[in-house]
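**Q** Quick one: the structure is below, questions incoming.
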Amino acid sequence: MTDIQHIVIAGSGILGLTTAWTLAENLSPAQNIKITVIGEYGPHCSNMNISMTSSNKYTSPWAGAHFRPFPSKSATEYSEMKLTRSTLAKFKEISQLFPESTIRFVKGIEVLESPDEYYRNVKPGWKEGIDGFKVTRNGNGGDGVMEAEYETWILNAPMYLQFIYRKLLIEYNVNFMKFRLKSLDQINDLFQENPVVIVNCTGTGLQYRGGYDPECYPIRGQTLLINPPKDCPYMDKTITYQLKDGSWSFVIPRPLNGGVILGGMKQVGDSFLGINEEDTEKLVEMQQENQD
Ligand SMILES: Cc1cc2nc3c(=O)[nH]c(=O)nc-3n(C[C@H](O)[C@H](O)[C@H](O)COP(=O)(O)OP(=O)(O)OC[C@H]3O[C@@H](n4cnc5c(N)ncnc54)[C@H](O)[C@@H]3O)c2cc1C
């Protein structure tokens with residue numbers, strides 16, 4: 001890394017910001033390497049609506065967000081599981097050092113109406129490295145419902161993004177640029193320093209010579225953010241229901257008065273940007289059924 005003068009990260013969603021933070025923490029000041037983050041949308045945008053939540057071009061603030069472990073169904077999932085445990089350990093550290101990060105550790109509850117054999121047999125990948133994991137209902141009852149609980153993290157996504165952004169800006173002097181790139185190659189024309197190292201965190205995979213990764217496709221999500229009633233019983237836990245019909249429903253409180261997320265839709269190939277009223281009704285219905 002000795003000849004490198006400048007690292008440019010394309011994309012200012014959670015991946016771009018986390019990459020910038022990891023680099024900033026690990027590079028020595030003596031190396032004198034500049035870091036720039038370029039994003040068309042992100043926490044650096046002065047328009048409040050764009051910096052907090054905006055369009056499908058900046059998905060990070062929309063995330064729930066919580067972590068739920070699950071049994072691995074392939075060697076790839078098993079190796080990715082280990083990465084989630086590294087994140088878990090890092091988040092434990094961040095939550096203790098920086099309460100303003102909004103990361104909190106709470107009880108995670110999993111309710112499976114029709115658990116497959118991976119869940120029923122608690123196959124590898126689910127409980128490893130997870131504190132407080134226990135199966136509380138084994139699925140052998142008449143209704144076949146299985147339940148488990150564990151310790152996990154939740155966070156307030158728009159505020160967590162702002163937290164990292166401010167850290168990068170103020171503590172690490174990272175530069176931010178609001179700019180729409182036509183290609184990654186265009187970065188070479190924007191800066192004098194040479195060589196520039198480019199890290200691609202554009203979500204949909206902007207290509208070096210332009211265009212986007214053809215392997216990428218949209219998945220639409222819709223959630224409800226509610227202002228919880230006083231004494232809401234869900235403020236210290238996150239619950240995920242996997243329903244018989246294959247749909248999912250979850251409750252995620254957002255720390256620091258961020259409301260409660262009720263989720264959620266996962267619609268592969270759908271890039272509709274508006275609010276689908278049918279989805280909203282379904283989300284409310286699912287929550288009502290789960291409470292019965
Ligand atoms: C409703 C909803 C709920 C979700 N819930 C969860 C959850 O609970 N847990 C979870 O893990 N995930 C969840 N997700 C998914 C999660 O939000 C995304 O996977 C994640 O935020 C992607 O992060 P990213 O940094 O890759 O992309 P993004 O946050 O989309 O950022 C992409 C960045 O690249 C920039 N960019 C792209 N092209 C260009 C260009 N040409 N020029 C300049 N800049 C460019 C954008 O402006 C932006 O800054 C949810 C998503 C939605 C929509």
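**Q** Please report the projected area of the range 41-196's Cα convex hull averaged over all directions, in nm².
**A** Averaged projected hull area, Cα only: 12.8 nm².
**Q** Continuing with this model, one more query. So if the hydrodynamic radius of the range 86-129 is defined as the Kirkwood radius over C-alpha pairs, what does Stokes-Einstein give as its diffusion coefficient at 37 °C and 0.692 mPa s, in µm² per second?
**A** Reported coefficient: 255 µm²/s.
**Q** Can you work out the PRE-style zone for E25? Point 7 Å along Cα to Cβ, and I want the residues of the range 195-219 with backbone N under 14 Å.
**A** none
**Q** Something else about it: Give me the dipole magnitude in Debye, nearest 20, for the chain about the Cα centre, with unit charges on the beta carbon: positive for Lys and Arg, negative for Asp and Glu.
**A** Using Cβ point charges on Lys, Arg, Asp and Glu, the chain gives about 640 debye.
**Q** At a 1.4 Å probe radius, carbon and sulfur cover how many percent of the accessible area of the chain?
**A** The C+S portion of the solvent-accessible surface of the chain is 52 percent.
**Q** Sticking with this structure for a sec: Strictly greater than 16 Å: what percent of every Cα pair in the range 58-110 meets that?
**A** Result for the distance tail: 55 percent.
**Q** Let me ask you something else. Going by average Cβ neighbours within 10 Å, how do the peptides 179-185, 58-64, 41-47 rank, with the highest at the top?
**A** Per-residue Cβ counts within 10 Å, averaged per peptide and sorted highest first, yield 58-64, 41-47, 179-185.
**Q** Can you work out D for the range 1-100 in µm² s⁻¹ from Stokes-Einstein, where Rh is the Kirkwood radius over C-alpha pairs, the temperature is 37 °C and the viscosity is 0.692 mPa s?
**A** Value of D from the Cα-based Kirkwood radius: 204 µm²/s.
**Q** Using the 2.2 N^0.38 Å rule of thumb for compact globular proteins, work out how the range 135-292 stacks up: its C-alpha Rg over that value, please.
**A** Cα-based Rg divided by the globular estimate yields 1.41.
**Q** Taking the Cβ of V145 as the center, what net charge do the other residues with Cβ under 9 Å away carry, scoring Lys and Arg +1 and Asp and Glu -1?
**A** Combined, the nearby Lys, Arg, Asp and Glu give -2.
**Q** A follow-up question, please. Quick one: putting +1 on the C-beta of Lys and Arg, -1 on the C-beta of Asp and Glu, what dipole do you get for the range 50-190 around its Cα centre, in Debye to the nearest 20?
**A** Approximately 360 debye in magnitude.
**Q** Beta carbons within 10 angstrom, averaged per residue: use that to sort the peptides 217-226, 253-262, highest first.
**A** 253-262, 217-226
**Q** Could you give me the ³J(HN,Hα) list for the range 184-194, computed from phi with Karplus coefficients 6.51, -1.76, 1.60 and θ = phi - 60°, whole Hz, x at Gly and Pro?
**A** Per residue, the Karplus-derived 3J(HN,Hα) values read 5, 4, 4, 4, 4, 7, 7, 10, 6, 5, 9 Hz.
**Q** Hey, if you put +1 on the Cβ of every Lys and Arg and -1 on every Asp and Glu Cβ in the chain, which of L262, A63, F98 ends up farthest toward the positive end of that dipole?
**A** F98
**Q** Could you do me a favour and compute the accessible area per residue for the range 75-227, 1.4 Å probe, result in Å²?
**A** Ligands and nucleic acids excluded, the figure is 57 Å² per residue.
**Q** So if I take the alpha carbon set of the chain, get Rg, then get Rh from the Kirkwood formula, what is the Rg over Rh ratio?
**A** Rg divided by Rh gives 0.99.
**Q** Could you work out Rg/(2.2 N^0.38 Å) for the range 107-208, with Rg from alpha carbons only?
**A** Scaled against compact globular proteins, the figure is 1.79.
**Q** What ranking, highest mean first, results for peptides 25-32, 150-157 when packing means the other Cβ atoms within 10 Å averaged over each residue?
**A** By packing density, highest mean first, the sequence is 150-157, 25-32.
**Q** Which trypsin sites (Lys or Arg not before Pro) in the range 56-165 sit in a loop by DSSP (not H, G, I, E or B) and have at most 13 other Cβ atoms within 10 Å of their own Cβ?
**A** Those satisfying the criteria are K73.
The values are calculated or read from the model by the stated rules, or taken from the named source; none is laboratory data. For clarity, every value in this text was computed on a predicted model and none was experimentally measured. Please note: Cβ atoms are built from the backbone with ideal geometry, for glycine as well, and neighbour counts cover all protein chains shown. Side chains are part of the model used for accessible areas, which takes the heavy atoms of the whole protein and leaves out ligands, DNA and RNA. Shrake-Rupley method; radii C 1.70, N 1.55, O 1.52, S 1.80 Å.
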